[in-house]
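First comes the structure, then the notes that go with it.
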Amino acid sequence: MQNLSYHLCTTRQRSISAECITSFCSIRGKHSQSQGRNIKQSSRTWLERQQKDPYVHQAKKEGLPSRASFKLKEINEEYFPVLMSKQKQNKKRTNTPQPKRLIAPNMLVLDLGAAPGGWSLYASTQLVASQGGAVVAVDLLPLSTEGDVIGRIENNLHGQFTFIQGDFTEKHVRDDIMDSFAQLSGNQTLPGLVVSDMAPHFTGDSKTDALQTINLCEQALTFAVGDDCFDNSYSPRDAKGTLASGGSFLCKYFSCGKENELELMEAIKRAFRCVHVIKPKASRKESSEMYLLGLDFKSS
């Protein structure tokens, strides 16, 4: 799990204020903070669960920074081919080749909330640097120092990797991201895939935690496809996001009722031609964790 402390405030506000560290509010002002439960009990339960989790043991065996890598691997290698197969059956035959995986070898990938580095590391195994594949990873926290995560990513990509430690909602960090893609790619400056496995610091209150993940997903989506995606008048062709035309978006959120998820779902449908909600097997059954996948950004 990518654990971050992005605390998001009112819509259009892109900086993280000191007040947000102690009082959480939605980037769109529709969620309020609720009282947390006993954190010690929640931490104890989490530790017990970790000790019994086969994915945790497998991650340690493979030298991965977290079990999160298996979720992206599953979505990329198992779910995506099935989705493409179904999509092909529902459409008329065309000469356009269907992508075999979500992460194509020549793709530019933006990993928001990348720490400890599991998703970037997995993505680096799917990309081919000589074909233009590259990763830019961003997080408030540094990537894991255990297992030489950065070294392994750079080795896989022959240096086609940049890590930016900072808040992606701030303009100078956004500029750094776009400059990095320009330097890595030479000509293609927009990523074809934006992914986010961000999570807030959990309070122990399931509703509060779920609402905060919704807010993080909203922030990642607006970064990818433009600030106006929550407006009914939104036009992808006029959007000022960071995602390339026809690109994809993958983000984690915690299910917390249709009334709380409605605006997010409507926003992503405005921006993408195909939208899917995925529950990987690597995601714990008792968890409300879900993954929102948008395919084929409508910017052209």
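The values are calculated or read from the model by the stated rules, or taken from the named source; none is laboratory data. Keep in mind the model is a prediction, meaning the values are calculated, not measured. Ideal geometry is used to build each Cβ from the backbone, glycine not excepted, and the neighbour counts take in all protein chains shown. Only protein heavy atoms, including side chains, enter the accessible area calculation; ligands, DNA and RNA are left aside. Shrake-Rupley method; radii C 1.70, N 1.55, O 1.52, S 1.80 Å.
Things worth noting here:
- Each peptide among 269-281, 62-74, 117-129 gets the average number of other Cβ atoms lying within 10 Å of its residues, and from highest to lowest they stand as 117-129, 62-74, 269-281.
- Gyration tensor (alpha-carbon) shape descriptor, segment 53-185, a/c threshold 1.5: oblate
- Classification of segment 214-300 by its C-alpha gyration tensor yields a prolate form. The axis ratio a/c (a ≥ b ≥ c) is 1.5 or more, and a/b outweighs b/c.
- For segment 109-188 versus segment 261-300, the gap between their alpha-carbon centres in whole angstrom: 23 Å
- Residues 144, 85 ordered from highest to lowest accessible area at a 1.4 Å probe: 85, 144.
- Each listed q (0.10, 0.15 Å⁻¹) maps to a log10 I(q)/I(0) for segment 112-270 from the Debye sum over equal C-alpha point scatterers, namely -0.38, -0.84.
- Annotation: amide H of residue 274 within the under-5 Å range of 295, sequence separation 5 or more or interchain, hydrogens built in the peptide plane.
- Relative protection proxy for 215-221, 154-160, from highest mean packing down: 215-221, 154-160 (other beta-carbon atoms within 10 angstrom).
- Computed from backbone phi with θ = phi - 60° and the Karplus coefficients 6.51, -1.76 and 1.60, the 3J(HN,Hα) list for segment 125-130 is 7, 9, 9, 10, 4, 5 Hz; x is used for glycine and proline.
- For residue 205, the residues whose amide H sits under 5 Å from its own are 37, ignoring neighbours fewer than 5 places away on the same chain, with H placed 1.01 Å from N.
- About the centre of its Cα atoms, segment 85-222 shows a dipole size close to 1240 debye [charges on the beta carbon of Lys, Arg (+1) and Asp, Glu (-1) only; nearest 20 debye].
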